[in-house]
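Chemist: Below are the structure tokens for one structure; questions will follow.
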Amino acid sequence: MSTDYHKMWAELGLDLKMHDALLNVLGEGYQQTFLTQKNRPEGMQYFDFVMSEVHGLRIKELRDAQAEGRVVVGSFCVFVPEELILAVDGISVGLCTGAEFGFDLAEKYLPRNTCSLIKSAFGFNLSKVCPYMESADMIVGENTCDGKKKSYEEFGKLVKNLYMMDLPQTKSASGKALLKAEYQRFQKALEELSGKKITVENLKKGIEIVNNKRKAIHRLAKLRAADPAPISGLDALLINQIYFYDNPVRFTESVNKTCDELEERISKKEGVFPPDAPRLLVSGCPMAVPNWKLPTIIEQSGAVIVGEESCVGERGTRNETVIEGNSVEELLDNIIERYFQIDCAIFTPNPDRKDHLIEMAEKYKADGVVHYSLQFCQPYDIESHNVEKELEEAEIPVLNLVTDYSAEDMGQLSTRVEAFIERIKE
Ligand code: SF4
Ligand code: SF4
């Protein structure tokens, strides 16, 4: 970070000592994970810069925007529609956290056997190290898995501005009606928070900005189908993670610029891994910053990740919202159509996810799938058995892993990943 932001962090109420400790760990982890990779696209320099300023310049931008009367809305789930937040000229930021930090504090509120994603959100909040949580004018929680919906009851006592969104659990007509009612209620809450009315014009603008962001990510995803892969899975994951933090227009431009460079690489048959490197998809729970453990193990074992079937990845970004419509209600219906297709494991049943994985394996020429569940995540862990069975039947090898945010199982994970890669090579 080029500027000293301690004054800003103190104003936000961060625990400066803890926060410095977090930034040190993050900085070292980033250096070892990303900057040691060879032959990275030049375009990654932008994303390295964003990450180096993720608690600095970006937070300053949020505060400057707030000073101009704009609102910041933090969320933990890809069901929270960014289009509506942009329509009131708000800024959407992801709050999911991917590090084992403050778990001792979190366990005062949560049972030990809670997934790392939830514990991490509590840990970051209780340790006062997340400038996004402290900056948010509204934090949106959602009734998805049991762990999340029950933990928000406790989380609501820790933050003053928690807004709860109810989400359907079935892809039924009544499920869709619930999503519509909840998005309408969210629309009103945003209008009240921001003092701005959602209109056809500003909602179309919001849809267009998010569609453009998704188009750029789809373009990046398609380019990863090339052999040799022009970008590592780690770098592509990083871009998918930054999707939740950066200014959406600037992000879109930067992704497209990187894609131009990747197209050139592909035309010269240049890649980051040798052409015969095994190609894998990673599927399962979302990987929030700085959860890079499993992708690092996979790519250091010689395989390249060519797609993420995850909410921080294609499950979260696929499908655009139709922009045609003459009323806010029509546009809202389009938004509901798009979001209702998200195949999260909290839905029962959830057959589309397996179909999507088979489609991705074909599209990105993947040799196998690593299924990743966080320990104590019932939706993804239970669903993994069926996903594994159906993919193996479709002759797509699957490695089913359950892990958490700690470094303790890295040796064991490496052994299993290496054995899986050998299986694929045979
Ligand atoms: S996995 Fe499900 S609950 Fe979690 S962010 Fe994705 S859609 Fe939301
Ligand atoms: S990883 Fe699983 S248990 Fe954890 S919040 Fe997501 S769906 Fe819930």
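Chemist: Does at least one position in segment 372-393 carry a residue that is buried (at least 17 other Cβ atoms within 10 Å of the Cβ) and under 12 Å from LEU280 (Cβ atoms)? Don't jump to the end; show me each part of the working.
Modeler: Taking segment 372-393 and keeping what is buried (at least 17 other Cβ atoms within 10 Å of the Cβ), we get 372-374, 376-377, 379-381, 383-384, 387-388, 390-391.
Then drop every residue that is not under 12 Å from LEU280 (Cβ atoms), which leaves 372.
So far as segment 372-393 goes, yes, one or more of its residues are buried (at least 17 other Cβ atoms within 10 Å of the Cβ) and under 12 Å from LEU280 (Cβ atoms).
Chemist: Based on what the data block shows, is LEU110 away from ligand 1 (no atom under 13 Å from the Cβ) and modelled with pLDDT of 95 or more?
Modeler: On the way: away from ligand 1 (no atom under 13 Å from the Cβ): yes; modelled with pLDDT of 95 or more: yes.
Criteria met by LEU110.
Chemist: If you scan segment 281-301, which residues turn out to be within 16 Å of ligand 1 (Cβ to nearest atom) and assigned to a loop (DSSP other than H, G, I, E, B)?
Modeler: CYS285, PRO286, MET287, ALA288, VAL289, ASN291, listed by residue number.
Chemist: Just for segment 90-101: of the residues that are in a loop (DSSP other than H, G, I, E, B) and touching a residue at least 60 places away in the same chain (Cβ under 8 Å), which one is farthest from ASP146 (Cα to Cα)? Before you say what the answer is, go through the steps one by one.
Modeler: Let us first name the residues in segment 90-101 that are in a loop (DSSP other than H, G, I, E, B), namely 90, 95-101.
Within this subset, residues satisfying the condition of being touching a residue at least 60 places away in the same chain (Cβ under 8 Å) are 90, 96-101.
Details: GLY90: 29, CYS96: 17, THR97: 18, GLY98: 19, ALA99: 21, GLU100: 21, PHE101: 22 Å.
Within segment 90-101, the match that is farthest from ASP146 (Cα to Cα) is GLY90.
Chemist: Of the numbered conditions (1) assigned to a helix (DSSP H, G or I); (2) more than 23 Å from HIS19 (Cβ to Cβ); (3) among the aliphatic types (A, V, I, L, M), LEU117 fails exactly one; give the number of that condition.
Modeler: (2)
A quick yes/no check of all residues on (1) surrounded by fewer than 18 Cβ atoms within 10 Å (Cβ to Cβ); (2) on the phi > 0 side of the Ramachandran plot; (3) more than 16 Å from ligand 2 (Cβ to nearest atom); (4) without any contact (Cβ under 8 Å) to a residue 24 or more places away in the chain:
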site: GLU308; (1), (2), (3), (4): no, no, no, no
site: CYS311; (1), (2), (3), (4): no, no, no, no
site: GLY316; (1), (2), (3), (4): no, no, no, no
site: GLU324; (1), (2), (3), (4): yes, no, yes, yes
site: SER327; (1), (2), (3), (4): yes, no, yes, no
site: LEU332; (1), (2), (3), (4): no, no, yes, no
site: GLU337; (1), (2), (3), (4): yes, no, yes, yes
site: CYS344; (1), (2), (3), (4): no, no, no, no
site: ARG353; (1), (2), (3), (4): no, no, no, no
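Chemist: Can you pull out the helices (runs of 4 or more DSSP H) entirely within segment 1-74 that have at least 2 residues that are touching a residue at least 24 places away in the same chain (Cβ under 8 Å) and over 21 Å from ASP137 (Cβ atoms)? Step through it out loud before you land on a result.
Modeler: On the way: elements: 6-11, 16-30, 44-52, 57-67.
Answer list for segment 1-74: 16-30, 44-52.
Chemist: Hey, another quick one. Would a scan of segment 38-47 turn up a residue that is crowded, with 19+ Cβ neighbours inside 10 Å, within 16 Å of ligand 2 (Cβ to nearest atom) and within 30 Å of SER194 (Cβ to Cβ)?
Modeler: no
Chemist: Right, another one. So which residues in segment 359-407 are at positive phi and without any contact (Cβ under 8 Å) to a residue 12 or more places away in the chain?
Modeler: Passing the criteria: only GLU395.
Residues checked against (1) in contact with a Leu (Cβ under 8 Å, 6 or more places away or on another chain); (2) within 22 Å of PHE347 (Cβ to Cβ):
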position: ALA99; (1), (2): yes, no
position: CYS115; (1), (2): yes, yes
position: VAL129; (1), (2): yes, no
position: GLU134; (1), (2): yes, no
position: GLU154; (1), (2): yes, no
position: ASN161; (1), (2): no, no
position: SER172; (1), (2): no, yes
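Chemist: Quick one: in segment 266-306, which of the residues that are under 19 Å from the mean Cα position of the chain (by Cα) and among the hydroxyl-bearing types (Ser, Thr, Tyr) is farthest from ligand 2 (Cβ to nearest atom)?
Modeler: Restricting to residues being under 19 Å from the mean Cα position of the chain (by Cα) and among the hydroxyl-bearing types (Ser, Thr, Tyr), the top hit is THR296.
Chemist: Can you find, within segment 80-89, the residue that is nearest to ligand 2 (Cβ to nearest atom) among those that are outside any helix (DSSP H, G or I) and farther than 19 Å from PHE155 by Cα? It would help to see each step written out before you state the result.
Modeler: Residues of segment 80-89 outside any helix (DSSP H, G or I): 80-81, 88-89.
Restricting the remaining residues to those that are farther than 19 Å from PHE155 by Cα gives 81, 88-89.
Values: PRO81: 19, VAL88: 27, ASP89: 30 Å.
By that ranking, first place goes to PRO81.
Chemist: Another question, if that's okay. Check every one of the helices (runs of 4 or more DSSP H) wholly within segment 148-266 and list those with 3 or more residues that are charged (D, E, K, R).
Modeler: Working: elements: 173-194, 200-223, 233-242.
Filter on segment 148-266 gives 173-194, 200-223.
The values are calculated or read from the model by the stated rules, or taken from the named source; none is laboratory data. The structure displayed is predicted, hence computed values, not measured ones. Note: ideal-geometry Cβ built from the backbone for every residue, glycine included; neighbour counts use all protein chains shown.
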